[in-house]
Amino acid sequence: MSDILNRIGDKWSVMVVAQLGNNTRMRFSELRRAVDGVSQRMLTLTLRNLERDGLVNRTIFAEVPPRVEYELTALGETLLEPIYALWDWAGAHGNDVAAARERYDASREQEIERA
């Protein structure tokens, strides 16, 4: 269970699955532009792991230069509902989390000053 949660809960995996859910198929370069901050190496590893887990299909087209496209499998599509729910939750409660962090950091600073 923890192995699967680590994979699908990974920041880059969530973002890649969400992007592929918004688009039918995407090329590597399109995904890299769409997933803000991901390096080429990390995107390659993420896609490889998602493919290994049966969540993403990789299709190679025999062209010059070769074209590779990625799409969600039927199993990968089952992740969209929970990912979108998490996305919605983050959007609705992002300010609450930021305020809680500020309160926590301020209280920790006061504890350090008293010590």
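The values are calculated or read from the model by the stated rules, or taken from the named source; none is laboratory data. Being a predicted model, the structure only gives us computed values, none of them experimental. FYI the Cβ positions are ideal-geometry reconstructions off the backbone, even for glycines, and counts take in every protein chain you see. Just so you know, the surface numbers come from the protein's heavy atoms only, side chains and all, with ligands and any DNA or RNA stripped out. Shrake-Rupley method; radii C 1.70, N 1.55, O 1.52, S 1.80 Å.
In the range 75-91, the residues that are closer than 19 Å to ASN57 by Cα and free of Cβ contacts under 8 Å to residues at least 24 places away in the same chain reach residues that are of a type in the set (A, V, I, L, M, F, W, C) and open to solvent by less than 90 Å² (accessible area, probe 1.4 Å) with C-beta atoms within less than 8 angstrom, at least six apart or across chains, in these pairs: LEU75/LEU55.
None of GLY91, GLY21, GLY54 is small (Gly, Ala, Ser) and closer than 20 Å to ASP3 by Cα except GLY54.
State whether the residues of the range 8-27 include one that is within 19 Å of ILE83 (Cβ to Cβ) and in contact with a Lys or Arg (Cβ under 7 Å, 6 or more places away or on another chain). Yes, that holds for at least one residue. Pairs are defined by a Cβ separation below 9 Å, a sequence spacing of at least 6 or placement on different chains, a first member in the range 22-39 that is over 17 Å from GLY76 (Cβ atoms), and a second member that is open to solvent by 50 Å² or more (accessible area, probe 1.4 Å) and small (Gly, Ala, Ser); the pairs so defined are ARG32/SER39. VAL64 - would you say it is outside any helix (DSSP H, G or I) and surrounded by 10 or more Cβ atoms within 10 Å (Cβ to Cβ)? The answer is no for VAL64.
Where helices (runs of 4 or more DSSP H) fall wholly inside the range 1-52, the ranges with 2 or more residues that are out of contact with any His (no Cβ under 8 Å at 6 or more places or on another chain) and either open to solvent by less than 50 Å² (accessible area, probe 1.4 Å) or modelled with pLDDT of 95 or more (or both) are 11-22, 28-34, 40-52. Quick one: how many residues across the range 67-110 are open to solvent by 50 Å² or more (accessible area, probe 1.4 Å) and not in a helix (DSSP H, G or I)? Looking only at that region, the number is 2.
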